[in-house]
Amino acid sequence: MALTTLLFDVDGTLADTERDGHRPAFNKAFAEAGLDWNWTVEIYADLLTVTGGKERIRYFLEKYLPDFTPPEGVADFAARMHKRKTHFYLEMLQNGEIPLRNGAERLIRAARAAGLRLGIATTTTPENVTYLLKATLGEESIGWFECIAAGDIVPKKKPAPDIYQYAMQQMGVEPAECLAFEDSDNGIRSSTAANLKTIVTVNDYTRDHDFSKAVLVLDQFGEPDAPFTVLQGNAGTYTYVTPELLHALHAQV
Ligand code: XBP
Ligand code: MG
């Protein structure tokens, strides 16, 4: 089957959102609630093993503060903190504090021009995606993506394959005609379990993850004047990700 569709993860892939986006937003929510918890860059590396903000708060409580018992119960407490965290995160997006990663905008525009269909499969809250797209690519860019599959729309988040399967179902496409873009262990486990060939762009939190199942691992999408570094796989003579490179990778057995 020929390549027709690109499915993008958001956090860590389209934008470097975790260390200086989600993490400080969680900390702002804790501070506002009068809690002196500080999710440092180091602790957050461990917390990132769990996808989803509400799930991450609960994991933190279980592992780091087992004696903390909120009066409303852990699930409601996590939901309340997460609501405020989302508020602070959206504020950062609106202020233009979180850019797209190098080469992401060029690749998205080139893929559209080449007639490729675009979708999103992410564990983050839906508004986090639409605000990011609006702030970086403009209001109309929401419509460039036929499906924005996000957050609690599926009960099981990554590394389960569900969010990719949901996106493909919505778009009416088969795994064999798609490529997925990921940045993390949980992400590639999800896309691979959904039978998707996957291209990885690593970031500081995910550089050492196991990407043995990826068709190509890069440090970034790259630009004509800022070439990518190939960390695994073969990109031929290409120095930045283009629709032509994607067609070639997809055609590989
Ligand atoms: C991203 C996540 C998200 C964000 C926070 O994983 O795990 O939980 O950290 O988003 P992936 P919310 O890139 O694999 O989709 O707080 O909105 O859940
Ligand atoms: Mg990710």
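What number goes with the only condition from (1) more than 12 Å from the chain's Cα centre (by Cα); (2) more than 9 Å from ligand 1 (Cβ to nearest atom) that Ala180 does not pass?
(1)
If you check Glu177 against the conditions, is it closer than 23 Å to Val217 by Cα and among the acidic types (Asp, Glu)?
yes
Please list, ordered by residue number, the helices (runs of 4 or more DSSP H) wholly in the range 1-117 having 2 or more residues that are surrounded by fewer than 17 Cβ atoms within 10 Å (Cβ to Cβ) and outside the structural domain of Val200 (by TED's automatic domain parsing).
Answer list for the range 1-117: 23-32, 41-47, 53-64, 74-94.
From the residues in the range 157-177 that are out of contact with any strand residue (DSSP E or B) (no Cβ under 8 Å at 6 or more places or on another chain) and among the polar types (S, T, N, Q), which one is nearest to ligand 1 (Cβ to nearest atom)?
Ranking the candidates gives Gln165 first.
From the list Val230, Val215, which residue is of a type in the set (Val, Ile, Thr) and touching a Lys or Arg at 6+ places or on another chain (Cβ under 9 Å)?
Only one candidate qualifies: Val215.
Inspect the range 180-194 for any residue being away from ligand 2 (no atom under 16 Å from the Cβ) and either out of contact with any Lys or Arg (no Cβ under 9 Å at 6 or more places or on another chain) or under 16 Å from Gly12 (Cβ atoms) (or both) and give the result as yes or no.
Looking for residues that are away from ligand 2 (no atom under 16 Å from the Cβ) and either out of contact with any Lys or Arg (no Cβ under 9 Å at 6 or more places or on another chain) or under 16 Å from Gly12 (Cβ atoms) (or both), one finds none in the range 180-194, hence no.
The values are calculated or read from the model by the stated rules, or taken from the named source; none is laboratory data. What you are looking at is a predicted structure, and each value in this text was computed from that prediction instead of being measured. In this analysis, Cβ positions are derived from the backbone assuming ideal geometry, glycine residues included, and neighbour counts consider all displayed protein chains.
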